[in-house]
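What follows is a single structure, written as structure tokens, with notes after it.
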Amino acid sequence: MSLARDLMSDEEWAFHERFILAVRAPNGRKSANHRLVLDGIFWIARTGSPWRDLPEEFGKWSSVYRQFRRWTLAGLWERIMEALNDNGLVPDALQMIDSTVIRTHHQAAGGKRGTPRQGFGRSRGGFTTKIHLRVNGAGLPIRSEITPGQTSDYLGFDLVIAHNLPEPAVLLADLGYDPDNIRKTMETRNVVPVIPMRKTRKVRLAVDRRLYRLRNLIERCFNKLKNARRVATRYDKTAESFLGFIDITSIRIWLRHLSP
């Protein structure tokens, strides 16, 4: 199996290195080849393979896994996502939110602290996890959260609409985000909602259909995320690890967009 497609360019490594050095705690141990470790993590994300199947070229699988967990628990991926969102190079006045249900592998169900807390649940697709996603006007991920698969969209709204992110002027969403509390929240924050109304609503508001069609950007973003098999099917027992792979894939989507 060719490993070339998973290897970072020098430019991509230079971007990641500054964040890795910032979270590394000096402990007297010999420094690992962090670039090679990160390449191994990218390989796992793309292929969806078990950690034990990591090719020897990336080093010992257990060492790569332990470093992935250290970086994940240290908040490395979140720091990188925050920096990308704050760069000001991508328009964020127009944003959109949506969710997708991910099938969960049966081996992922053995995590501690209970399945709901780790984002496992039951839906029409069986044992599932739901990814709630917020993207900007370029279709790039801004924030992602996970809940049990049966969670309604409006409950996931509060998870992704955080105040520490660039505020949208216009927010696109589908019928699942039509409840009054969501519209009131957006009104309070001076955000214009472009959301179709349910048939039961007596007072009707017009929806800009041409603008609403841009919501395909978030559907395309989900497709890009699911190109990473570790995201398309959940194998991770903990919410932190699964969210880590979502963020890792999101970061690479950002860097591919910014690289030209």
Under the rule of -39500 (n - 2.57) per DSSP H run of 4 or more residues, summed and divided by the residues of the chain, what mean residue ellipticity at 222 nm is obtained, to the nearest 500 deg cm²/dmol? -12500 deg cm²/dmol
Run the numbers for E187 and R210: contour at 0.36 nm per residue of separation, minus the present Cα-Cα distance, in nm. 6.1 nm
Once amide hydrogens are built 1.01 Å from N within the peptide plane, the residues lying 5 or more places from D98 or on another chain with amide H under 5 Å from its amide H are L133
Skip the ligands, DNA and RNA, and give the accessible area per residue of the chain with a 1.4 Å probe, whole Å². 53 Å²
Please give every one of the aspartates and glutamates within straight-line cross-link reach of K199, meaning a C-alpha to C-alpha distance under 19 Å, and leave out same-chain neighbours fewer than 8 residues apart. D153, D174, D178, D180, D208
Cβ charges +1 (Lys, Arg) and -1 (Asp, Glu), total dipole of the range 58-191, debye: 1020 debye
Taking the Cα atoms only, what angle lies between the long axis of helix 216-226 and the longest principal axis of the chain, rounded to 10 degrees? 20 degrees
Most fluctuating residue of P148, P55, P168 in a GNM of the chain with Cα springs under 10 Å: which is it? P55
About its Cα centre, how strong a charge dipole does the chain have in debye, to the nearest 20, once Lys and Arg get +1 and Asp and Glu get -1 at the Cβ? 900 debye
For K237, list the aspartates and glutamates whose Cα falls under 19 Å from its own Cα; do not include residues on the same chain fewer than 8 positions away. D53, E145, D247
What residues have an amide H closer than 5 Å to that of F127, excluding those fewer than 5 places away on the same chain, when H is modeled at 1.01 Å from N in the peptide plane? T104
Toward the positive end of the charge dipole of the range 190-260, about the Cα centre and with charges on Cβ (Lys, Arg +1; Asp, Glu -1), which of A206, I248, S259 goes farthest? A206
Determine ³J(HN,Hα), in whole Hz, for all residues of the range 234-239 in sequence, where each value follows from phi through the Karplus function 6.51 cos²θ - 1.76 cosθ + 1.60 and θ = phi - 60°; x replaces Gly and Pro. 8, 10, 7, 7, 9, 4
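The values are calculated or read from the model by the stated rules, or taken from the named source; none is laboratory data. Because the structure is a prediction, the values reported are computed rather than measured. Cβ atoms come from the backbone with ideal geometry, glycine included; neighbour counts cover every protein chain shown. The area values use the complete protein model at the heavy-atom level, side chains included, leaving out ligands, DNA and RNA. Shrake-Rupley method; radii C 1.70, N 1.55, O 1.52, S 1.80 Å.
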